[in-house]
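Asker: Please read through the structure below; I'll follow up with questions.
Throughout, read-outs are computed from the coordinates displayed, never taken from laboratory work. Nothing here was measured: the structure is a model prediction, and the numbers come from that model. In this analysis, Cβ positions are derived from the backbone assuming ideal geometry, glycine residues included, and neighbour counts consider all displayed protein chains.
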Amino acid sequence: MLGLKLPTDPRWVNIVEKNIDDILIDHAYCEQKAASTAISLIVSFPEYTELVEEMISLSREEMGHFKMVHDRIVARGRTLGRDRKDEYVVALLKFFPKGGSRTSQLVHRLLYAALIEARSCERFRLLSEQLKDKELANFYKSLMISEAGHYTLFLKFARYYGHRDEVDEKWQNLLEFEAHIMKDLGKSLTIHG
């Protein structure tokens, strides 16, 4: 369903289990950045009423997820700590050229967001199926369902605002690019890396 060209190596879950506190901190920042992305789309493209309405709801939902992850961090006796650069996202954002028409910029941002949500969904599925901590596994299962909805929402808007054939071609090319990025990742203490 997600269309990812390279699945996560299942051994990534072993890294997570040995470093769950670090993963939770990274995950909290991922949720905060997802909320920021939704707000940024509102600020950058206020004339797209349907998009604005959905991004309002999404930013609230993502901040709710941030709180749920933050609550788990605090319950484990940890603090949020400093944000770390997300190497996955930094690499991904190099794919589309800068500039272009306003519509192209919007479509590119929506496709990036869709792919980040798709990869998060795939990672959360792995965690929900393989974590030994069943409470945490169930938590990730519920988030996986949300991430799938977010992925389809962003892809739907990209196809709505852009030309469908062109958007689908860009999406497939972005998926291929992302697969190359993922070959070098999957060994770090991050949700995407």
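Asker: To one decimal place, what Kirkwood hydrodynamic radius in Å is obtained for the range 144-185 from all pairs of distinct Cα atoms?
Answerer: 11.4 Å
Asker: Separate question: If the viscosity is 0.890 mPa s and the temperature 25 °C, what translational diffusion coefficient in µm²/s does Stokes-Einstein give for the range 43-134 when Rh comes from Kirkwood over Cα pairs?
Answerer: The diffusion coefficient I find is 152 µm²/s.
Asker: To continue, here is another question. From the Cα trace of the range 93-149, what convex hull volume per residue do you get, rounded to a whole Å³?
Answerer: 69 Å³
Asker: For the chain, which DSSP H helices look membrane-span-like by this rule: Cα extent along the axis of 24 Å or more and mean Kyte-Doolittle of at least 0.5?
Answerer: Long hydrophobic helices here: 20-44.
Asker: When the Kirkwood radius is taken over all Cα pairs of the chain, what Stokes-Einstein diffusion coefficient follows at 10 °C and 1.306 mPa s, in µm²/s?
Answerer: Once the numbers are plugged in, D ends up at 93 µm²/s.
Asker: Given a cut-off of 16 Å, what percent of all Cα-Cα pairs of the range 1-70 lie beyond it?
Answerer: 61 percent
Asker: Ok, one more. What nm value, rounded to one decimal, do you get for the distance between TYR160 and GLU129 when each label is placed 7 Å out toward the C-beta?
Answerer: Result: 3.1 nm between the two label points.
Asker: With the crude spin-label approximation of a point 7 Å out along Cα→Cβ, what separation in nm comes out for GLU87 versus GLN105?
Answerer: About 3.1 nm, to one decimal.
Asker: Here is a follow-up. Can you list residues whose amide H is under 5 Å from ASN19's amide H, if they're 5+ apart or on another chain and H is modeled 1.01 Å from N?
Answerer: The answer is none.
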